[in-house]
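In what follows, a single structure is set out as structure tokens and then discussed.
The values are calculated or read from the model by the stated rules, or taken from the named source; none is laboratory data. Not measured: the values here are computed from a predicted model. Note that each Cβ is placed from the backbone with ideal geometry, even for glycine, and that neighbours are counted across all protein chains shown.
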Amino acid sequence: MGTLRSAQASDQKAITAIIRAAHINPFNLNWQRFIVAVDGDKLVGVGQIKQYKDGCRELSSIAVIPACKHQGIASQIITALMEREKGTIHLFCQEKLADFYRRFGYHVIPMQELTGDVARIHSLGEWFIVLLARLFPKEHAIIAMRYDGDIQQ
């Protein structure tokens, strides 16, 4: 297992590579928002909280390299990100990951409850989600979740 730190400009290329290898949203990967897990001089995990213009926030870009999965790295990254945030945070994830995020105090919400920039961003990406759902109905069912307060672990 590695250590956590705030990302540095020199991490941008590795952050992008880890996100793309995980096949998750490769947009808005600004290193300034990321916490990274490092093992020696190698990034092994990443995560960020996106801040939108209207103040909405989204837990996003949580990924760990395959060789380091199931070691608690993603949980450490999420906990560290949430410790520096207060209030409501949204996330979008595959339905099969809902129980994982519930451990951090998130709960499933209907897509209709999304508001502001989070709703706008989701609707822009909805065509992609619809395509995935048609190609891989169960594997890629996307849900919205929300965290409304302090960490509940």
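Based on what the data block shows, is residue 12 surrounded by fewer than 16 Cβ atoms within 10 Å (Cβ to Cβ) and in contact with a Leu (Cβ under 8 Å, 6 or more places away or on another chain)? In short, yes.
Would it be correct to say that residue 74 is small (Gly, Ala, Ser), surrounded by 17 or more Cβ atoms within 10 Å (Cβ to Cβ) and part of a helix (DSSP H, G or I)? Answer is yes for this residue.
In the stretch 41-67, the residues that are in contact (Cβ under 8 Å) with a residue 24 or more places away in the chain reach residues that are part of a strand (DSSP E or B) and of a type in the set (Asp, Glu) with C-beta atoms within less than 8 angstrom, at least six apart or across chains, in these pairs: 49/58; 52/58.
Scanning the stretch 49-71 for residues that are in a loop (DSSP other than H, G, I, E, B) and on the phi > 0 side of the Ramachandran plot, which turns out surrounded by the fewest Cβ atoms within 10 Å (Cβ to Cβ)? The residue in question is 70. Inside the stretch 101-153, can you point out the residues that are touching a helix residue (DSSP H, G or I) at 6+ places or on another chain (Cβ under 9 Å), at pLDDT 85 or above and among the β-branched types (Val, Ile, Thr)? Residues satisfying the conditions are 108, 143.
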